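What follows is a set of notes on a single structure, which appears directly below.
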Amino acid sequence: MGYYLFPPMDFSLQWDGTRFFWRWPGHDEWLPLQTAQYPDYRPYFDSIAPDDIKEYSPPFLTALREPGIVQVWSGMVARTRPGVSLLLRGPINVPRVQHYEVFEGIIETDHWFGPVFNNFRITKTDTPVDFHREEPFLQAIPLPRDVYSDATFNDYQMVADLKHLREDEWRAYHHTVVRPNTQEVRPRGQYAVATRRRARSGDKGS
């Protein structure tokens, strides 16, 4: 669900417990990192941007004040339709890369138009952490704002005991759990097939 985002270039980070360093292919020396532009990007940005926006090209990497945390620009600028935000998180169903963790957050990109950044926490010191442009490092998921609104989160009911389940809920449990396990021949992928059938019919459920 959503879109994979890939680093705009290969690069490596290293954290010594106090400071960040970085390098990229063709530049083998580790450079201290505070804020760094994508190589040769600023002149390109300034050659295109209006006069009052020149010199405001987004940084590619920024070492934040919090220990071990670096902010990385994906190279993307995003805009979504009204009422839709972007949830940024680590790639789903992709093996986790060792030595860093991906922060998760929501950007309301229907009215906030700017670079799509995300924060990464380096979890091991004195070890190069490599980012490859052919390997996804973020996932962007369009998220309707009403999904995470207070009205939605506060609209629920709790059932504290099994005896309070309704008859239709017991029937649903039987269909989901009991029926598949009592079939003499159980076709594989029944849930996936049923879900695709619902999607084709436009049935959104209750």
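The values are calculated or read from the model by the stated rules, or taken from the named source; none is laboratory data. Model, not experiment: these values are computed from the prediction. Don't worry about glycine lacking a Cβ; one is built from the backbone with ideal geometry, like all the others, and counts go over all protein chains shown.
Condition first: within 21 Å of Phe137 (Cβ to Cβ) and not small (Gly, Ala, Ser). Can you find one or more residues in the range 44-56 that meet it? No: the range 44-56 contains no residue that is within 21 Å of Phe137 (Cβ to Cβ) and not small (Gly, Ala, Ser).
Inspection of the range 6-23 finds a residue satisfying the criterion of being in contact with a strand residue (DSSP E or B) (Cβ under 9 Å, 6 or more places away or on another chain), surrounded by fewer than 17 Cβ atoms within 10 Å (Cβ to Cβ) and closer than 30 Å to Pro144 by Cβ. Being in a loop (DSSP other than H, G, I, E, B), in the same structural domain as His27 (by TED's automatic domain parsing) and among the hydroxyl-bearing types (Ser, Thr, Tyr), is that true of even one residue in the range 94-107? Within the range 94-107 (the criterion being in a loop (DSSP other than H, G, I, E, B), in the same structural domain as His27 (by TED's automatic domain parsing) and among the hydroxyl-bearing types (Ser, Thr, Tyr)), the answer is no, since none of the residues qualifies. Given the residues Asp40, Asp28, Asp52, which is the only one that is modelled with pLDDT of 95 or more and of a type in the set (D, E, K, R)? So the residue among Asp40, Asp28, Asp52 that is modelled with pLDDT of 95 or more and of a type in the set (D, E, K, R) is Asp52.
Within the range 70-100, if we keep just the residues that are within 18 Å of Ile141 (Cβ to Cβ) and without any contact (Cβ under 8 Å) to a residue 40 or more places away in the chain, the residue that is farthest from the chain's Cα centre (by Cα) turns out to be Pro82.
When you look at Arg145, is it out of contact with any helix residue (DSSP H, G or I) (no Cβ under 9 Å at 6 or more places or on another chain), more than 25 Å from Thr18 (Cβ to Cβ), surrounded by fewer than 18 Cβ atoms within 10 Å (Cβ to Cβ) and modelled with pLDDT of 95 or more, yes or no? So Arg145 does not fit the description; no. Annotation note: of Pro58, Pro43, Pro67, the sole residue that is surrounded by fewer than 15 Cβ atoms within 10 Å (Cβ to Cβ), in contact (Cβ under 8 Å) with a residue 40 or more places away in the chain and either among the polar types (S, T, N, Q) or out of contact with any Asp or Glu (no Cβ under 9 Å at 6 or more places or on another chain) (or both) is Pro67.
When residues in the range 104-129 are screened for being more than 10 Å from the chain's Cα centre (by Cα), exposed (fewer than 14 other Cβ atoms within 10 Å of the Cβ) and of a type in the set (Asp, Glu), 2 of them pass.
Within the range 24-40, the set of residues being surrounded by 13 or more Cβ atoms within 10 Å (Cβ to Cβ) and assigned to a strand (DSSP E or B) comprises Trp24, Trp30, Leu33, Ala36. Regarding the range 6-21, can at least one residue be identified that is at pLDDT 95 or above, in a strand (DSSP E or B) and in contact with a Ser or Thr (Cβ under 8 Å, 6 or more places away or on another chain)? Yes: the range 6-21 contains one or more residues that are at pLDDT 95 or above, in a strand (DSSP E or B) and in contact with a Ser or Thr (Cβ under 8 Å, 6 or more places away or on another chain). Take the conditions (1) surrounded by fewer than 16 Cβ atoms within 10 Å (Cβ to Cβ); (2) assigned to a loop (DSSP other than H, G, I, E, B); Pro91 misses just one of them, which is (1).
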